[in-house]
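Okay, so here's the structure we're looking at.
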Amino acid sequence: MVRLVWRRVALIGAGLLMSLVAGCGGGSGIAPDQLGIISREDTPLANRLTISLDRWGADTLQQADVISTTLLLDVPQQQYRYARAQGLANPQTGETMSMAYPFRVASISKVFTATVVLQLVEEGYLTLDTPLSRLLDNTLLPAGYTLDDLHVMGGVKAGGSITVRQLLQHTAGLRDYLADTPTAQDGNGLFAQMIGEVLSNNGQGLASRQWNGRALLGYYLSSGLAANALAAPGRQFEYSDTHYLLLGLVIEQVTGQSLSANYRGRIFNRLGMVNTWHEGFETGRGRLAHHFYNLVAQGNNLDITATSLNTSAAWASGALVSTTEDLTLFLRALMHRELFRERTTLQLMRQTSGVSPNYGLGLQRAVFNGREMWGHAGFWGTMMLYDPANDTALVMTVNQANRDMFKEVASVFAATQSAGL
């Protein structure tokens, strides 16, 4: 069994408030085809920022397991926009990374799923406090199971009482179908089994399986995960992909359309996100940038993109592919309330609670240098963040799994601070 620390990245933003640290260094050597938009104005500050951020990228690439980086930092108040890629998109061919290369965004996908759910709330399909018993039915489950079997704790069944709000905020108490085993949050769940198959038999079996929401729900129930809930609904924050699996099923059930169709009609097409797709469920719109998993025990920096791993298992929680430009389009539209009818909906999305102080309804909260920011990190080394006070957007990837992406962001902001921003 390959032990993977899946939960660590997902929980960093939800459980920690980061402080900005200073310092950066190193050199830069960037090919012309890796350049993006650097600045709207040629000013001393813009020049210092560009030099400092270039150094951040070069220093990051000095880490043995990092093959490429992309960074888009948009600061309209300073008329400054930095968009640059460094490294290799495909080390097998030597092709350089560019801003146009799509990459797997992992759990940033949860923000898209949450956005669709909140649109459905606005449209009257459901409320945040609607229980699953009014949204799903037993026909979605394998024979012999009921909705109440989704959450069993101490012999008490409570699956049907779980609310939409609890799913969005990771407070339903459900074990993570991708990360957990039935009695431990040990990283040896479905994803670890799939990686184990990639290493041992070229990805046959679970690793190459084409999943969908119903199949994943069947795995969750039959594996014993549902029978060992972590906490009573509403009592405790526990980051879990199972919560967003159920939200994906809710979206399909109430709209009568696939999750992919909802993403595309409600968000992608609406915003002109031409380089974004639901991997495994839509035709790809470009070649993927290669990304890696550093398996230290095996002495292997595994090129995930070059394997037969089928990422459809991430379905509603992490199966989107996008680019930094497309993600910035989405982030700004979301934070400028262009995707909702009501002004208060975004406020709800950023509403935390005593049980969940750093995770709203699909958005992670983090504090850098005293500034509150909102967005989400992703397991494949991705980050999307927005600073409401300064209308600043940051989207980045280091294309290396299981990174502390909030630490990476702190390094970026240290670079901007050292330049005088």
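No lab work stands behind these numbers, since they all come straight from the coordinates. Model, not experiment: these values are computed from the prediction. Glycine gets a Cβ as well: all are built from the backbone with ideal geometry, and neighbour counts include every protein chain shown.
Structure above, values below:
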quantity: Helix 190-201 vs. the chain, principal-axis angle (Cα, 0 to 90°, nearest 10); calculated: 70 degrees
quantity: Cβ charges +1 (Lys, Arg) and -1 (Asp, Glu), total dipole of the chain, debye; calculated: 380 debye
quantity: Protection proxy ranking, peptides 97-105, 124-132, 368-376, 69-77, average beta carbon neighbours within 10 Å, highest first; calculated: 97-105, 69-77, 368-376, 124-132
quantity: Charge-dipole axis of the chain as Lys and Arg at +1 and Asp and Glu at -1 on Cβ define it, positive-most pick from Gln119, Leu141, Gln257; calculated: Gln119
quantity: Charge-dipole axis of the chain as Lys and Arg at +1 and Asp and Glu at -1 on Cβ define it, positive-most pick from Thr171, Met97, Asn294; calculated: Thr171
quantity: Volume of the Cα convex hull of the chain, divided per residue and given in Å³; calculated: 132 Å³
quantity: Dipole in debye (nearest 20) - the stretch 103-210, about Cα centre, beta carbon charges: Lys, Arg +1; Asp, Glu -1; calculated: 140 debye
quantity: Residue list for the stretch 220-241, given a label point 7 angstrom along the Cα-to-Cβ vector of Arg134 and an amide N cut-off under 19 Å; calculated: 233-234
quantity: Gain on full stretching of the segment that runs from Asn369 to Arg332 - 0.36 nm per residue minus C-alpha separation; calculated: 11.1 nm
quantity: Cα-projected label distance for Leu348 with Asp391, points at 7 Å along beta-carbon direction, nm; calculated: 2.7 nm
quantity: Of Thr283, Thr171, Thr392, the one that fluctuates the most in a GNM where the chain has Cα springs shorter than 10 Å; calculated: Thr283
quantity: Linear extension gain, Gln210 paired with Met153, 0.36 nm per residue minus alpha-carbon span; calculated: 17.5 nm
quantity: 0 to 90° range, to nearest 10: angle between helix 109-122 axis and the chain longest Cα axis; calculated: 60 degrees
quantity: Contour minus Cα-Cα distance for Ser411 and Asn269 (0.36 nm per residue); calculated: 47.7 nm
quantity: Efficiency of FRET between Ser222 and Gln92 - r from beta-carbon atoms, R0 41 angstrom, step 0.05; calculated: 0.60
quantity: Cβ-defined net charge surrounding Arg332, 10 Å radius [Lys, Arg +1; Asp, Glu -1]; calculated: -3
quantity: Cα-based shape type of the stretch 152-281, given that a ≥ b ≥ c are square roots of the gyration tensor eigenvalues and the cut on a/c is 1.5; calculated: oblate
quantity: Helix-only [θ]222 nm of the chain, DSSP H runs n ≥ 4, -39500 (n - 2.57) each, per residue, nearest 500; calculated: -9000 deg cm²/dmol
quantity: Extreme residue, positive dipole direction of the stretch 323-398, given options Leu394, Pro357, Phe379 (C-beta unit charges); calculated: Pro357
quantity: Residues listed by number, the stretch 170-198, amide nitrogen under 19 Å from Ala297 label point at 7 Å toward C-beta; calculated: 178-198
quantity: Degrees separating the helix 241-255 axis from the principal Cα axis of the chain, which is the longest one; calculated: 70 degrees
quantity: Part-to-part distance (alpha-carbon centres) for the stretch 54-126 and the stretch 207-261, which is given in Å; calculated: 26 Å
quantity: DSSP beta bridge pairing in the chain, given as percent antiparallel to the nearest 5; calculated: 95 percent
